[in-house]
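Trainee: One structure, pasted below without further comment.
The values are calculated or read from the model by the stated rules, or taken from the named source; none is laboratory data. What you see is a predicted model; the values in this text were computed from it and never measured. Please note: Cβ atoms are built from the backbone with ideal geometry, for glycine as well, and neighbour counts cover all protein chains shown.
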């Protein structure tokens, strides 16, 4: 069991540790001055030095990301349940959603700022909600509708009402699809929150922190904020994974269906 | 035999007609949606304005719902009219022309980034194919690389571009830094889908190639790469949108002139003197995104139309 | 292209074990001795899991014996594979769906570096052989299952190997098409004089096609019986003859492993 875990994680650890070591060593040798990409030790130092500022910023950005993620997921799942019930709705709305997803959502940020106010969290949350909605809706609908015909016929033979069919067949079938989308959505939520912050919002959040430090050529500080953003994204991703394992004990979480 | 042939081509013709019908229906639904959206927008405005002053007493309006005055929500007719208006005082070039030029600029950045991202992603996929160890080792980092908000460090990349790229034989323009961002956003979906696609080759076909004593390169080029094409196109669709978004955001945070990002920034800062211009530019960005994905879908149609999975049982 | 060896296939004491030492270790084949002479049509038949496909793959050098040797055309099986001495057909036709029929037939020729002119000529010849000359520019999806298998056979023979290895190629076809394809295959065999090793599940198919039916026992696979079939030149009516029925019964009896004939 342990050996299996090592086999699974081993190569990644080797590449990761090796990569960072290589990075650190080559910088120690070359010692470029004030380079845009500092050595890992410098970034880590900046991270710990500014930890208070970074922590506050992470909380603020995290708030937007998490609230937007939850709202977007709920909306996406509700719409998916609705649309999967009616075949014509599915055939018209799902391609529409795919087409709408092609629009650069982030371009709506300035408009939302005008609608809800520059400093209001709602404008940024709206961006996150829309970003999250699409993958969750599209994937969950696929999961709810791509049920094997044999299973549906079985339920028909039991004269099961649509709600039972949904509970017993469609929803379990959709869960792997949902969790794939959830994982994608959690990183989208963080990135969306940070990028929306460029257009407006509180200044003590990760987005402005990155941009301001970069503008002042304080690269180590900027990268420290980027690191915080990545950690936030990773935490959300891992939380999704835990949620997934808890909800689907019958399936090895690694074998999730593709999107 | 000839009757079989005739039937086959007749069925193929029917299928083509069905496919066109489905496409037309999708376009109609999309246009209908736009119309519904426009009606909802105008309806909401009308409703809000009919209540007039009372709306300022509503706690919800302005916080969770937008205000309906003409500054916050300009009427659709005004927005459409603005496309024809020249935004600059000293020239008569209409807004639409500015948006079109900026779209082309942004598109070029995204396209360059996309092409390099595809090549890079494919290269990574091929390398991961070679070694299971590498695949297991690199996958987590590939996934993690997309959680790094690279668009956030666009300004860093722009500065890096203008200072450290002097050794190149050509002049490094700022738009190239934005193209790098687009590359970064493209290579991940292409690499992840690429490895899946390369591994999707029919096992019997793999045995066949082994029976021919085919070299590894031959197997890659003749079997695995063609087998991966449907997967790659799925990735291209994601990457096309990502590249456009990355380009716009890169322009904004990197202060790059000439693209849609710059227009959005300008019109956002001058919002009060002409909100319609911002809306028009946002519409232009939406159109660009759709065009980009449309190009990929068209390419997919060209390449995959002769493959169809469904066999004819005659 | 290849010199005719007296013994096309020679398997001695071949044993194949999968996953040695692990908890899921399985002995697929146990000391197989088999000689197949040049130009023969031999069937391998047996219950599921008897290792007949594994044996075929040993001959094809797609896998290697744990013990024992496999010789093809007086060389090691690996050398025969490198020399492209055999063509192979599978249950799924394994045609490349992005290539036209002609391009599919040309695939091995392309890999072997044939010139374009030679490839085209050979592909046209093969299309004539399988009686589908007007389908060259079609794509696999436009052809029925039976037609696709014919193309797979044409592809297997395009580079004129001396040996044809077939792993239940007609398994996915319906009965009528199957019987038709069997006649086609025999026709091709007569015209091209190849050695054919044919793996199948179907007793009537094995008896109809071959001169020798090798019956294999359940896992671990051993050769249980080696039954000669003398029915002369096959025609459609052969399936309805009493001699055919007797032979089929003989094979069926040989396949009854659940009950010991001699105490």
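Trainee: Identify, by number, the condition in (1) surrounded by 17 or more Cβ atoms within 10 Å (Cβ to Cβ); (2) more than 9 Å from every other protein chain (Cβ to nearest Cβ); (3) under 12 Å from the mean Cα position of the chain (by Cα) that residue B:232 doesn't meet.
Mentor: For residue B:232, the failing item is (3).
Trainee: Next up: Might you let me know whether the range B:114-123 holds any residue that is farther than 24 Å from residue B:194 by Cα and touching a helix residue (DSSP H, G or I) at 6+ places or on another chain (Cβ under 7 Å)?
Mentor: Within the range B:114-123, the subset farther than 24 Å from residue B:194 by Cα is none.
No, because not a single residue in the range B:114-123 is farther than 24 Å from residue B:194 by Cα and touching a helix residue (DSSP H, G or I) at 6+ places or on another chain (Cβ under 7 Å).
Trainee: Moving on to the next point. Looking at (1) in contact (Cβ under 8 Å) with a residue 60 or more places away in the chain; (2) within 14 Å of chain B (Cβ to nearest Cβ); (3) closer than 22 Å to residue B:145 by Cβ, can you tell me which one residue A:244 breaks?
Mentor: (2)
Trainee: Would you tally the residues in the range C:126-174 being within 11 Å of another protein chain (Cβ to nearest Cβ) and part of a helix (DSSP H, G or I)?
Mentor: Number satisfying all stated conditions: 13.
Trainee: Condition (residue is closer than 29 Å to residue B:265 by Cα and away from chain B (no Cβ under 12 Å)) applied to the range A:132-148: is it met by at least one residue?
Mentor: Yes, the range A:132-148 has at least one match.
Trainee: Hey, another quick one. Test of understanding: among A:10, A:34, A:19, which residue is more than 19 Å from the chain's Cα centre (by Cα), within 12 Å of another protein chain (Cβ to nearest Cβ) and at pLDDT 80 or above?
Mentor: Residue meeting the stated conditions: A:19.
Trainee: Of all residues in the range B:130-155 being modelled with pLDDT under 80 and part of a loop (DSSP other than H, G, I, E, B), which is farthest from residue A:19 (Cα to Cα)?
Mentor: B:149
Conditions (1) within 24 Å of residue B:201 (Cα to Cα); (2) at the interface with chain B (Cβ under 10 Å from one of its Cβ atoms); (3) part of a loop (DSSP other than H, G, I, E, B), marked per residue:
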| site | (1), (2), (3) |
| --- | --- |
| C:81 | yes, yes, no |
| C:84 | yes, yes, yes |
| C:87 | yes, yes, no |
| C:91 | yes, yes, yes |
| C:97 | yes, yes, yes |
| C:106 | yes, no, no |
| C:110 | yes, yes, no |
| C:113 | yes, no, yes |
| C:118 | no, no, no |
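Trainee: Also, quick follow-up: Quick check on the range A:94-102. Is at least one of its residues in a helix (DSSP H, G or I), over 22 Å from residue B:239 (Cα atoms) and more than 8 Å from every other protein chain (Cβ to nearest Cβ)?
Mentor: No.
Trainee: Now for a different question. Can you pull out every residue in the range B:129-139 that is more than 17 Å from residue B:186 (Cα to Cα) and buried (at least 16 other Cβ atoms within 10 Å of the Cβ)?
Mentor: Result: B:129, B:135, B:136, B:137.
Results for (1) within 11 Å of another protein chain (Cβ to nearest Cβ); (2) farther than 27 Å from residue A:138 by Cβ, shown as yes or no for each residue.
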position	(1), (2)
A:188	yes, no
A:193	yes, no
A:203	no, yes
A:214	yes, yes
A:218	yes, yes
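Trainee: Here is a further query. Condition first: surrounded by fewer than 16 Cβ atoms within 10 Å (Cβ to Cβ) and at pLDDT 90 or above. Can you find one or more residues in the range C:250-259 that meet it? Full working, then the answer.
Mentor: Going residue by residue through the range C:250-259, those that are surrounded by fewer than 16 Cβ atoms within 10 Å (Cβ to Cβ) are C:252-253, C:256-259.
Of the ones still in play, those that are also at pLDDT 90 or above are C:252-253.
Yes: the range C:250-259 contains one or more residues that are surrounded by fewer than 16 Cβ atoms within 10 Å (Cβ to Cβ) and at pLDDT 90 or above.
Trainee: Within the range B:287-305, can one find any residue that is over 27 Å from residue B:17 (Cα atoms) and surrounded by 21 or more Cβ atoms within 10 Å (Cβ to Cβ)?
Mentor: yes
Trainee: In the range B:281-307, which residues are more than 11 Å from every other protein chain (Cβ to nearest Cβ) and farther than 30 Å from residue C:142 by Cβ?
Mentor: Across the range B:281-307, there are no qualifying residues.
Trainee: Additional query: Among the helices (runs of 4 or more DSSP H) lying completely within the range B:206-282, list those that include at least 1 residues that are on the phi > 0 side of the Ramachandran plot and modelled with pLDDT of 90 or more.
Mentor: none
Trainee: Within the range A:164-184, identify whether any single residue is within 11 Å of another protein chain (Cβ to nearest Cβ) and in contact (Cβ under 8 Å) with a residue 12 or more places away in the chain, and answer yes or no.
Mentor: Yes: the range A:164-184 contains one or more residues that are within 11 Å of another protein chain (Cβ to nearest Cβ) and in contact (Cβ under 8 Å) with a residue 12 or more places away in the chain.
Trainee: Another one. Just to check your reading of the model, which residue among A:71, A:46, A:97, A:57 is over 30 Å from residue A:208 (Cα atoms), surrounded by 15 or more Cβ atoms within 10 Å (Cβ to Cβ) and either touching a strand residue (DSSP E or B) at 6+ places or on another chain (Cβ under 6 Å) or modelled with pLDDT of 85 or more (or both)? Show your work before the answer.
Mentor: Values: A:71 fails: over 30 Å from residue A:208 (Cα atoms); A:46 fails: over 30 Å from residue A:208 (Cα atoms); A:57 fails: over 30 Å from residue A:208 (Cα atoms).
It is A:97.
Trainee: When you check residue C:20 against the structure, is it touching a residue at least 24 places away in the same chain (Cβ under 8 Å), out of contact with any strand residue (DSSP E or B) (no Cβ under 9 Å at 6 or more places or on another chain) and more than 14 Å from chain B (Cβ to nearest Cβ), yes or no?
Mentor: Yes; evaluated as a whole, the condition is true for this residue.
Trainee: Restricting to the range B:199-209, and then to whatever is under 21 Å from residue B:135 (Cβ atoms) and within 7 Å of another protein chain (Cβ to nearest Cβ), can you tell me which residue is surrounded by the most Cβ atoms within 10 Å (Cβ to Cβ)?
Mentor: Of everything passing the filter in the range B:199-209, B:205 is surrounded by the most Cβ atoms within 10 Å (Cβ to Cβ).
Trainee: Looking only at residues that are in a helix (DSSP H, G or I) and over 19 Å from residue C:56 (Cβ atoms) in the range C:189-206, which one is modelled with the highest pLDDT?
Mentor: Out of the qualifying residues, it is C:204.
Trainee: One residue is enough: does the range C:153-166 have a residue meeting the conditions under 15 Å from the mean Cα position of the chain (by Cα), over 29 Å from residue C:75 (Cβ atoms) and at pLDDT 90 or above?
Mentor: no
Trainee: List the residue pairs whose Cβ atoms are under 6 Å apart, where the first residue sits in the range B:54-76 and is more than 12 Å from chain A (Cβ to nearest Cβ), the second is surrounded by 18 or more Cβ atoms within 10 Å (Cβ to Cβ) and modelled with pLDDT of 60 or more, and the two are 6 or more positions apart or on different chains.
Mentor: From the range B:54-76, the pairs are B:55/B:48.
Trainee: Looking for whichever is at pLDDT below 85 and either touching a strand residue (DSSP E or B) at 6+ places or on another chain (Cβ under 6 Å) or farther than 30 Å from residue C:145 by Cα (or both) here; the options are B:39, B:23. Which one fits?
Mentor: B:23 is the lone residue from the list that is at pLDDT below 85 and either touching a strand residue (DSSP E or B) at 6+ places or on another chain (Cβ under 6 Å) or farther than 30 Å from residue C:145 by Cα (or both).
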